[in-house]
Each structure stands twice: as C-alpha cells, then as structure tokens.
Amino acid sequence: MTADILREKFLSFFKAKNHKIVDSDSLVPKDDPTVLFTPAGMNQFKREFLGFDAGFKRAATSQRCLRTDDLNKVGKTSSHHTFFEMLGNFSFGDYFKSDAIAWAWEFLTKELRIDPAKLWVSVYQDDSEAYNIWKDEIHIPVNRIVKLGDKDNFWPAEAKAKGPNGPCGPCSEIFYDFGESIGCGEKICNPACSCGRFVEIWNLVFTQFNRKEDGTLEPLPNKNIDTGMGLERLSAVMQGKRNNFETELFQPVIKEIGLERQKIQLLNRHCEEPKATKQSNAGLLRPCGARNDESICRSKNNVIYAIADHLRAVVFSIYDGITPSNEGRGYIVRKIIRKSVMHLRSLGIDKPFLYKLTGQLAEIMRKPYPDLMERANDIAQVILNEENNFIDILNSSEALLARIPLNGFAEEIGAIVFKLYDTHGLPSELIEEYLKEQGVKDLAAIAKVVDAKFEEQRQRSKSQSKMKGDVFDAKGLGIKLNPTKFIGYAKSSAQANILAILNDAKEAGQARLGESLQIVLEQTPFYAESGGQTGDTGKLSNGENVFEVLNTQKIDNVFLHIGKVISGSFKKGDQVFAQINTQRRLNIAKNHTATHLLQAALRQVLGNHVQQQGSMVAEEKLRFDFTHFKRLTVEEITKIEDLANSFIAGNQAVNCKEMPLKEAKQAGALAFFEEKYGDHVRVVNIEGISKELCGGTHIDDIGKIGLIKIISDSSVASGIRRIEAVTGSFAEQFIKQKEQRLTEESKKIENLKKQKEDEKKQSQELNNLLTNTLAEIIDKKIKINDINVICALIPDLDMAGLRMLADRIKAELKQAVIALGSKDDQQMKAYLVIGVTQDLSAKSFDAGVLIRQVALAIGGSGGGRKDFAQAGGSKPDNFDLAFSQLKDIIKASAAK
C-alpha cells in the first residue's frame, strides 16, 4: 500500500468521523516564535487548543514537518528523518481517550487490516484510564500493554518534574512488532527495548492537565486530543519493509544517486570505492556520542539514505519560501545542503548533483503537492546556486584553514575549528589532516572543545525545532472578546461601541487624557495590519472626546485601535464615531494594487518562476520580494515598469469577490506562501492582468494609481530579490527630485569641466612664462667655489609655479643650488623654494637644512627633502637678506 493511498485513507477515515480535513500548514510556523520550523501536526492548531473557536472541534491533517535535533542520526537508522509527513487527528474539547484509542485501533486493524497480534501499546504508568480502555474495551492482552514513565509516555517529556508549566498530559503509543526473530531475541523484549524489533507508529497525546508553578497538576476544563503518526514509518510497515528508505517515497531518488555513482566510477575507468580521507584517532569533529557509530556512518548505503532524506527537507523548505542564508531557518537549509554535498563527494560525485534530483522528488510527491512539479526548476536553481557556492568554498579551503591560530590554546583553536566546520562547511577530515600536517599536538583537548560546541548547538537545535510545552504560551489578549466585524472594504467611517479598553492587553477602566491605550470596537472601518499592508490611522470621537488612532493591529480577529487620548476621556460601552485617514488609506490602496500589477509584470518579463516571498505596503512606498536568481538589468527594470504603467493606462476595473479556496485555486488565483487561508477567501481580480488571493484594501480602478516608479532593486537572500516602488504623487515627487538632482549634478559637471579648462589654460600660460623666464634666470647664475648658485625673485608666481621653475632649472644645470622667491605685498606673504641638484644633494648639501637656516629672514619656517624644500613667511621685503644668508652658507660650506 503506497504512501499516497495511506494518506488518503487516513484523511477519509477521519472525515467520516466528522473531522474537518485541514490542509498542511507551511514549514514556516506563522505567528509562533517558539520554533524555527513546524515540527508537528498540532502546531497550526495552537489557538484552537487554547480555546479559540475556529468553527470546528475536530480536525485531521497530513502535515509536512521538519526537525533537526536528530540530524546526525539520519541515514544511520531506519526511521529518523529531517523532513516527514505527520498524520494526525485532533480534538479541541470534544472527544477524549475512549474515542481516540478506539478510532486509532479501528483504522489500523479494520481499515488497514494490520494483524492485531502484531500491535503492542504503551501507556503512562499512572494512567489507569487509558490502560483499562486498551484492556477492557479494545481487548488487547495485558502482556502487550507496557507501562512507561515520564520520559517516554508523558507530554512534554518529564514535564511533571522539569516543566514547562502549562497544558500537558499522558500519552499512549502504538507499536508494530516485526517478530521475535528481529532484534535482541530476549524473551522479555518489549517496546521499551531499542533493539529494533518494535517500531512506534502512532502516538496519542491526552492533554488533560495544567502544570502549575509549584509542579502540581490540575485538570483542564477542556480536555484535548493530539495524535501523530509518521507516514514514512506507516508506509514501511504496510509494505513489509523494516527500513523507511526502502519505500517508494525514497527509492526512486536513491536509485538516481546510485546510477550517478556508477556513472562516475565508469568514467574513472575503475569500480573501486572512492578513497576515504584519513581519520585521526582524536575524532575531532564528530559530535558527542557519535564516535562508536563511525563505521555505520561510512556505509555508502547510509550516506545515500541521508542524501535522499536531506533532499526532501531542502526542497520543501524552499517550496515554503525558506532560502539558504547565514541565519535562522535559511542557515539550517544551507547546512543541510552542505552536508548533502559532502555526502555526495564521499561517493565520488564532486560536481553539483543534488539539484538534479528535484524533479524526481516532485514526481514522487505529485499527488499531495501537484504544484511542486511546476516549481521544480526554480527550486533546483536555488539548490544549484548553493551547491556551486559551497564547492567554491571547498576549493578555497587553504585560505580558510589559515585562520586557525596554530599556536593558540585548545579553547581558541577548537572554537575556530568548529566555526570552519559549522559555518563555512569545511569537512572534518580536511581540518583534522591540516592540523596534523601543521604539527598541532593536543588534538584530544581541541576535540573536547569542539564536542562542547556541538552539544551547545544540539541543545539549541533541539529547543528550536522540537515541539515544546511552551508552544502554547502564545501572546494573546488574555481576555475573551468576540471577533471584530471589519466593514472597511465598503466604508471609511462608522458608528461603533467600545467593547474593551486595554492597556498592554489588560482591561483598563477607562481611557483618560494623555494615556496611550488600545481600544476594541464591535465593528470598525480600520484595516488591521496584515498581509504586508500597514494598519489604518485616524480618529475615534465622541463629541469633544477624541482618541487618535496611530496604528491598527489584530490578535485572533480582534482589532486593536492603538493610540492616545488627545481630548477628554472614554469608557467601555461608549459609542464613538470611527473615521479613518481617507487620503492615507487611498495612497495605501494604490500601492497595494500596484504590487499586484508589478507581480504580473515581473512574471511576464522574467518568467512564471516569479513567486511572491513577502511585501510591505505603506502610504509612501511599497516593497515586493520575489523569487529570481540574478540581479535585474536596467533593461529589465525598464520593461517591468513600462508594462506596469501600460496596465494602468488601460483603466481596468478591480473586482473583489469572496469564494471557496478550492474554487479560487482552480481559477488560477496566485497565493502568497506565508499566508494561511481559510475555507473562503477574497480574490482580487484585474481582468486579463492579475488574479490573487488577498485580504488587503484596493482601489476600484487601476487608472487611479497614476504612475508606478521602481526606485530600487536589491538582494534579500539567495534566490530572492526585492524591488521598491512609489506610485501616484509620490512617484511624481520622486521623479522631480531625481530630475533636480540630475540638474544639480549636470551643473557640477559643467563647473568641473570649466575648472579643468581654466586650470589647463593657466598651466599653459605658466608653462609659457617659465619657458620665457628660464634662460634669463640661468644667465644670472653665479659661481661660488665651482657651485652654480641662482637667487632670483620672480613676480606673480605661487608656490606650485616656483616648484616647477626650480625643477626645470635643476634639469638644465649641474652642481647647482637654486633659491627662488615670490611675494604678495597686499597680503604680506613671502614664498621661497630651494632646489639642490642630485650631484650636490648626494654629498653635503641638503635643501631642507638650507631652508630652515634662511626662512627666518622672511619671517617664516620651512622644510623638505634633500633635493627640494619650501617655506612661507610674513616678511616679503626681506628676500635680499635671505639670499645673502644663503650665499654665505654656501661659501662657508664650500670652504670646508
């Protein structure tokens, strides 16, 4: 029996038991900061478990899940996975243990026809109610009912002793028995034994207690059922396999990997195993407890199993909008891809290959996820980019290894080694071999540091990706309020009654002048922030009493008008006139409709791989994130912008209509991956241009947008681009400001051009002047003991001109000291330069020394090199004195 059939049978079975069949939620938990990924089927029903009325008391799902706390076990065991599907049925204060147990047994033994003799169960040691149901109502022999303790059969594990506080309860697990010939062979073997004879297939959690701060358990007023059954394990059992990887969920991919490996071996003209990298006895980068499993980890089959598993985790993460990055969920995806690349390299597959398996996986999962096939090429491109990047890192490993402080302490070396492995993805064997080659001795001490880092990470991973008791600690209002009726699609103002006044989600008696609070109305025209659109602002008024609304948000469909009392006061029950800021709402609506037009234009220009990954719609601008694998060219941005504006010129109407979700999807409406949609959705349709599921506010005619202007294009993450744009008057203002900046820049360029021309002209004039003056000055040289000495006062030359003239004279003479001066009588400034030819500066004459000796005469100081120096002063009439002193110094020096 295939997984597709089992999934359908499970959902159909519980549909017949009056359960609402709910689609799988995304791997990205919405509004749940307690976990990185969706780790279990119950996560999307957190609000229902807390008492929120969603319109149903029973639900069943096949939820895609991802857990990373057992990442290093994947491939080594028959049933550990990162990505898996969890079949689950849930009750929110409706049925309890008796029905949950009876239906689980009925499904397994009647619907699936599993031999009852092959099934064992465990119950919590103090749960006599569940024990008696299994014994007296289901009639399982007592020798196949095992009582286990807090660690194995209480949820959360050991919550009674260790916490956390909150909802908890006993659980009962159903195991399949592969038979006495499997495992340890001991007569006393039961599901508590880890020998492999028994595999857990279904866990029934009975959430019936609330753990208090003092550790006591009090009964919950509403008792809940939360069950989970791994589809992969159930498939293996139903297909007579002891290993999940032998089922049709994995085998096509496993065969593809095997064929590629054979192909590589044939190309290398031999069939030997790829050479394993040397292993050090220190086991430097093997996580705690994994060293005894090293031989298992090196098994080629297990490596292939791990790749097949990791492929599923990577593909469905990207499917749900998580792309490789250096933080959060993206970091986990990057890490899994890199582990897969290393596994492939151990098989001799050194070039990018993981991405090629995406299409095969899409085919396997075609029935539950038909759209995965359409997106397979785009997902493969993201994986290929990441594979190429990591292979480049491996090829530049020498530079990364050089970061290790070889002479440092073990703690310092271990921290860097762990970072190279964990962040940069360098293989452990490569790092170990490098340390040995460099003569690092204390590998055992370094290994302890690395082990400790691994354990820290494992605990973080476990706390982030494993389901926790505090998953129920969601931020809520803490008070029971009816959902707010939103009337803002049709109205911008309305009369409404105050249902509650809140201060930090706690009820306040009244709202006084100057207080910042939240007000809840029974109905409102104010749009609450959601779907990327910012919340409305405006006023609530009652006569002279005015509450300024600065933002609007919602919790569980209760709208919070957040703001401040600027006049008078308010109390619960008051009737107010609610008025939004209509101009602001109009600008926001223009921007929101513009995002739909931009997505349509992006898909036409770039291709249908473009999928929305996020958005921000505010009054002054919009932001749109989408899947694309390279920077947009100027030509592409122009085409997108022109196409969007051509849509606007058509003045198409915007039609909004509510319909069943299934009907909307069949009609081709685009959906945003992060949004969780109900049974009925709102479809925003611009005929022939765009059709999207959207709960935001829009204009009724796209012609009212006026103009769209894209103002930036940037990268958000690998494979995700972001454009920002402005519309209407904001677009016109942006263009005017840009034109103004261009005009200013043009003027600057003209001024610079004129300045350059003036400088060139001045330079030419100076050059002509110097040429005409040069011979005349040289003719005035005198000789002092075979040294050519020139002392000349040149009118109208600045310091740069004096320097140029001195350099020219030095080029014409040998054995020369040149002193040139110029003055500005109006500002009482004197400029002096001294040049010494190379043949003299190499001996005893130093221009820097000379100028310091004579600069005092012109009322200044100076300095420079041996061959050239300059000085400035405030006594321009003293050049004769300065020149005379210089000649005396030369005479005295020559005489020596």
Subset of the stretch 433-442 that is modelled with pLDDT under 80 and assigned to a helix (DSSP H, G or I) - its residue that is most open to solvent (accessible area, probe 1.4 Å): Glu437
Determine which single condition Ile818 fails, assuming it passes every other condition in (1) open to solvent by less than 10 Å² (accessible area, probe 1.4 Å); (2) part of a helix (DSSP H, G or I); (3) β-branched (Val, Ile, Thr). (2)
Total residues in the stretch 758-794, condition polar (S, T, N, Q), more than 17 Å from Phe868 (Cβ to Cβ) and in contact with a strand residue (DSSP E or B) (Cβ under 6 Å, 6 or more places away or on another chain): 0
Of all residues in the stretch 118-162 being open to solvent by 10 Å² or more (accessible area, probe 1.4 Å) and small (Gly, Ala, Ser), which is farthest from the chain's Cα centre (by Cα)? Ser128
Only strands (runs of 3 or more DSSP E) wholly contained in the stretch 506-586 count here; list those with 1 or more residues that are touching a Ser or Thr at 6+ places or on another chain (Cβ under 8 Å) and hydrophobic (A, V, I, L, M, F, W, C). 516-521, 545-555, 558-567, 575-580
Does Asp378 satisfy being open to solvent by 20 Å² or more (accessible area, probe 1.4 Å) and without any contact (Cβ under 8 Å) to a residue 40 or more places away in the chain? no
Does the stretch 755-770 contain at least one residue that is of a type outside the set (S, T, N, Q) and touching a helix residue (DSSP H, G or I) at 6+ places or on another chain (Cβ under 6 Å)? yes
Criterion: over 30 Å from Ala3 (Cβ atoms) and among the acidic types (Asp, Glu) - qualifying residue of Asp69, Asp136: Asp136
Kindly provide the set of residues from the stretch 604-616 that are in contact with a Phe, Trp or Tyr (Cβ under 9 Å, 6 or more places away or on another chain) and either β-branched (Val, Ile, Thr) or in a helix (DSSP H, G or I) (or both), ordered by number. Leu606, Val610
Of all residues in the stretch 723-769, which are within 30 Å of Met616 (Cβ to Cβ) and either of a type in the set (A, V, I, L, M) or loosely packed, with under 10 Cβ neighbours inside 10 Å (or both)? Ile723, Ala725, Val726, Ala731, Ile735, Leu742
Within the stretch 118-149, can you find the residues that are within 18 Å of Val237 (Cα to Cα) and in contact with a Pro (Cβ under 9 Å, 6 or more places away or on another chain)? Trp120, Val121
Residue list for the stretch 804-831, filter: touching a residue at least 24 places away in the same chain (Cβ under 8 Å) and among the aliphatic types (A, V, I, L, M): Met804, Leu805, Ala806, Ile809, Leu813, Ala816, Val817, Ile818, Ala819, Leu820, Met828, Ala830
Answer from Lys639, Lys662 - the residue that is out of contact with any Ser or Thr (no Cβ under 8 Å at 6 or more places or on another chain) and under 30 Å from Tyr369 (Cα atoms): Lys662
Here is a check on your reading of the model: is Ala644 at pLDDT 95 or above and more than 27 Å from the chain's Cα centre (by Cα)? yes
Filter result for the condition that a residue is modelled with pLDDT of 90 or more, crowded, with 18+ Cβ neighbours inside 10 Å, of a type in the set (Val, Ile, Thr) and part of a loop (DSSP other than H, G, I, E, B), over Ile337, Ile349: Ile349
Those residues of the stretch 550-567 which are over 16 Å from Ala508 (Cα atoms) and either open to solvent by 10 Å² or more (accessible area, probe 1.4 Å) or under 29 Å from the mean Cα position of the chain (by Cα) (or both), in sequence order: Leu550, Asn551, Thr552, Gln553, Lys554, Ile555, Asp556, Asn557, Phe559, Ile566, Ser567
The stretch 401-415, subset surrounded by fewer than 20 Cβ atoms within 10 Å (Cβ to Cβ) and part of a helix (DSSP H, G or I), residue modelled with the lowest pLDDT: Ala410
Pull up the stretch 7-60, narrow it to residues that are touching a helix residue (DSSP H, G or I) at 6+ places or on another chain (Cβ under 8 Å) and of a type in the set (Gly, Ala, Ser), then point me to the one that is farthest from Trp202 (Cα to Cα). Ala54
Determine whether the stretch 678-690 contains at least one residue that is β-branched (Val, Ile, Thr), more than 29 Å from Gln583 (Cα to Cα), touching a His at 6+ places or on another chain (Cβ under 7 Å) and buried (at least 16 other Cβ atoms within 10 Å of the Cβ). no
With the condition kept exactly as written, say whether any residue in the stretch 448-459 is out of contact with any Pro (no Cβ under 7 Å at 6 or more places or on another chain), part of a loop (DSSP other than H, G, I, E, B) and at pLDDT 85 or above. no
How about the stretch 586-637: which of its residues are touching a residue at least 12 places away in the same chain (Cβ under 8 Å) and of a type in the set (Val, Ile, Thr)? Ile588, Thr593, Thr595, Val605, Val610, Val617, Thr627, Ile637
Take the conditions in contact (Cβ under 8 Å) with a residue 24 or more places away in the chain, of a type in the set (S, T, N, Q) and open to solvent by less than 30 Å² (accessible area, probe 1.4 Å) and apply them to Thr524. Does it pass? yes
Please specify each residue of the stretch 173-232 satisfying the condition of being surrounded by fewer than 12 Cβ atoms within 10 Å (Cβ to Cβ) and part of a strand (DSSP E or B). Glu218, Pro219, Pro221
Qualifying residues in the stretch 659-688 (those that are more than 31 Å from the chain's Cα centre (by Cα) and of a type in the set (A, V, I, L, M)) - the one nearest to Gly55 (Cα to Cα): Met659
Members of the stretch 1-54 that are hydroxyl-bearing (Ser, Thr, Tyr) and either more than 21 Å from Leu234 (Cα to Cα) or open to solvent by 50 Å² or more (accessible area, probe 1.4 Å) (or both): Thr2, Ser12, Ser26, Thr34
Does Leu797 meet the test of being touching a strand residue (DSSP E or B) at 6+ places or on another chain (Cβ under 8 Å), within 23 Å of Asp779 (Cα to Cα), part of a helix (DSSP H, G or I) and among the aliphatic types (A, V, I, L, M)? no
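The values are calculated or read from the model by the stated rules, or taken from the named source; none is laboratory data. Since this is a predicted model, take the numbers as computed values, not measurements. Neighbour counts run over all protein chains shown; Cβ positions are idealised from the backbone, glycine included. Heads up: the accessible areas ignore ligands, DNA and RNA and are worked out on the full protein's heavy atoms, side chains in. Shrake-Rupley method; radii C 1.70, N 1.55, O 1.52, S 1.80 Å.
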